[in-house]
Amino acid sequence: MNFRITLIIISIIFMFTTCTYDVYNPEVCFQQNVLPIFVSKCSTTGCHNATDNKAGYDLSNYEGIMRGVVPKHPLQSKNYTVISGINPSMPRGEKLSKKEVSYIKIWIKMGAKNSSNCSTGCDTSAFTYGTVITPLLNTWCIGCHNSNNKGGGFDLSTYTGVKACITQGRFLGTIKHSSGFNAMPLGTKLSDCDIVKIEKWINAGYLNN
């Protein structure tokens, strides 16, 4: 009897630990939470973008991503099965975090809609480098612009690299998709709210604060 109880307890613990990152989260939003993962981790040079179109997939936009998604059925969606499990086959190199995989799975289970601005409000009063700018860069940029892959010659994983890009006059025009600049991130554009935060930080002297 004690042995059976022990097995039941272990099973319950296993169920809760394996489901920790698989809970319904109404805040998972395609434009803010899911698209950045595909853009930064899957659409880099030589991979699944409009130019290289590796394996016939362009994962830099909603339409391309949906080619490998069956709404409400993550286990039938190729774009989920290749990134999940103990030894995922994608992306090449550094694998997605548990949180990133969870976001994609939850989004698919919720119907895989092209949702945006799921969170209410846009607070642009805070724009410090450490708490606001760095998370944005980590989400959208460093998949292509890091120490191992300096897209455009810029490493945006460090403050020094970000500062160099700003001082060369490339940063704002690029994220605003202004004429004469290479539009970044690839295949999409930051929200107006995020662009305002970055612009305020730059206009305030782009401090490492």
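Solvent-accessible surface (1.4 Å probe) assigned to Ile106 amounts to roughly 10 Å². Each principal axis of the Cα cloud of region 40-122 was taken in turn, and the coordinate range along them, longest first, works out to 36, 29, 24 Å. The label point for Asn148 and the one for Cys122, both projected 7 Å from the Cα toward the Cβ, are 3.5 nm apart. Between His145 and Gly151, Leu156, the built amide H atoms are under 5 Å apart, and every one of these is 5 or more places off in sequence or on another chain. When the accessible area of region 130-186 is computed with all protein chains present and a 1.4 Å probe, what percentage of it is carbon and sulfur? Roughly 52 percent, rounded to a whole number. Pop the C-beta distance of Met66 and Ser89 into the FRET formula with R0 = 22 Å and round what comes out to the nearest 0.05. The computed FRET efficiency comes out at 0.65. Of all lysines in the structure, those lying under 23 Å Cα to Cα from Lys95, and not within fewer than 8 positions of it along the same chain, are Lys41, Lys54, Lys78, Lys105, Lys109, Lys150. Taking the square roots of 5 times each eigenvalue of the Cα gyration tensor of region 153-209, largest first, gives ellipsoid semi-axes of 18, 14, 10 Å.
Summary of the geometry: region 139-175 and region 50-82, compared by the centres of their Cα atoms, lie 27 Å apart.
I'd like the accessible area for Tyr129, computed on protein heavy atoms only with a 1.4 Å probe and all protein chains in place. Round to 10 Å², please. Taking all protein chains as shown, Tyr129 has close to 20 Å². Each residue of region 28-84 gets 81 Å³ once the volume of the Cα convex hull is shared out per residue. I want to make sure I understand the PRE zone here: with the label point 7 angstrom from the Cα of Lys163 toward its beta carbon, which residues in region 190-209 have backbone N atoms less than 20 Å away? It comes to 198-209, nothing else. Ligands, DNA and RNA excluded, the heavy atoms of Phe154 present near 40 Å² of accessible surface to a 1.4 Å solvent probe.
The values are calculated or read from the model by the stated rules, or taken from the named source; none is laboratory data. Since this is a predicted model, take the numbers as computed values, not measurements. In this analysis, Cβ positions are derived from the backbone assuming ideal geometry, glycine residues included, and neighbour counts consider all displayed protein chains. These area figures cover heavy atoms from the full protein model, side chains too; ligands, DNA and RNA do not enter into them. Shrake-Rupley method; radii C 1.70, N 1.55, O 1.52, S 1.80 Å.
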